[in-house]
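No value in this document is a laboratory result; all are computed from the given coordinates. Worth saying up front: this structure is predicted, and the values here are computed from it rather than measured. Cβ: placed from backbone, ideal geometry, glycine included. Neighbour counts: every protein chain shown.
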Amino acid sequence: MLVSIKELCPHCRACCGMRILFGMSSGLGPSPYLCGRCGKAFTTHRREWNEMGRWFDPQDAGKLRYLVVSLVYVLLIGVVGGALVATAIRFIQIGRQAEEVPLSDYASYGPYSVLIGVGIGCIQILRVRFSKQRSLPVPRPEYVSSFFSFHTNLQLLVLIALVLPGGICWLIGYGLNQ
Ligand SMILES: [Zn+2]
């Protein structure tokens, strides 16, 4: 698919991550990894904050790229996540007849979008902090890659965290509004 990229262990092809937002990646994270399935070592495109180029280095502006990608995350996940939350609340109030909150109805979901956007922004700032802390030891430890690792699969885990409560609210609404 054009919109997503699967990350696979090069040895056993175990999937350790999905980049779902048009294959976009902030490029921040630990590397190397040990495959959670076959145990062999491999590296990814990820780098720690201190290894990224200077802000406006024309050859390698990794930090600027991180900032731009983070802002896209805040906007995109904020808008879509806000609409999902507003829909989930409708499920609880109305039950399964509730219609989804459309993206054009931003008055209904705007406040939730702001909250989610701030949350995503905080995650991106904390990731830089954690990266700086990890950067100290040399040689660096190998992290275990897995589908459930937030190092290699953060986007999908965030998506699940947004969609799962909606599903639970649908069930609650279904039960409450029989
Ligand atoms: Zn493997």
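Using 20 Å as the cut-off for backbone N distance, which residues of region 1-32 belong to the label zone defined by a point 7 Å from the Cα of Leu67 along Cα→Cβ? It comes to 25-29, nothing else. Inter-label distance, His11 to Ala161: 3.0 nm, where each label sits 7 Å from its Cα along the C-beta direction.
Give the separation of the Cα centroids, region 41-107 to region 144-178, in Å. Region 41-107 and region 144-178 have Cα centres separated by 15 Å. In the chain, a dipole from Cβ-located charges (positive for Lys and Arg, negative for Asp and Glu) runs towards its positive end, and of Tyr106, Ser145, Val74 it is Ser145 whose Cα lies farthest in that direction.
Ordering Ile116, Val158, Ile89 by Cα displacement along the dipole of region 5-176 toward the positive end leaves Val158 in first place; charges were set at the Cβ atoms of Lys, Arg (+1) and Asp, Glu (-1).
When the trypsin sites (Lys or Arg not before Pro) in region 67-157 are filtered for DSSP coil states and for at most 15 other beta-carbon atoms within 10 Å of their beta-carbon, the remaining sites are Arg96.
Only the Cβ atoms of Lys and Arg (+1) and of Asp and Glu (-1) were treated as charged; on that basis the dipole of the chain about its Cα centre amounts to roughly 560 debye.
Think of it as helices only: each DSSP H run of n ≥ 4 in the chain is worth -39500 (n - 2.57), and spread over all residues that comes to -17000 deg cm²/dmol at 222 nm. Rounded to the nearest 20, the Cβ-based charge dipole of region 1-93 about its Cα centre (Lys and Arg +1, Asp and Glu -1) stands at 260 debye. Summarising the amide proton neighbourhood of Ser145: residues at separation of 5 or more, or on other chains, whose placed amide H is nearer than 5 Å comprise Leu34, Cys35, Gly36. Only lysines eight or more places from Lys6 in sequence, or on another chain, were considered; those with a Cα closer than 26 Å are Lys40, Lys63. Straightening the chain between Asn177 and Ile94 buys 29.2 nm, computed as 0.36 nm per residue apart minus the Cα-Cα spacing.
Toward the positive end of the charge dipole of the chain, with +1 on the Cβ of Lys and Arg and -1 on the Cβ of Asp and Glu, the farthest Cα among Val128, Pro32, Gly17 is that of Pro32.
Can you give the log10 of the normalised intensity I(q)/I(0) at q = 0.11, 0.18 Å⁻¹, computed with Debye over equal Cα scatterers of region 5-176? Each listed q corresponds, in turn, to -0.57, -1.13.
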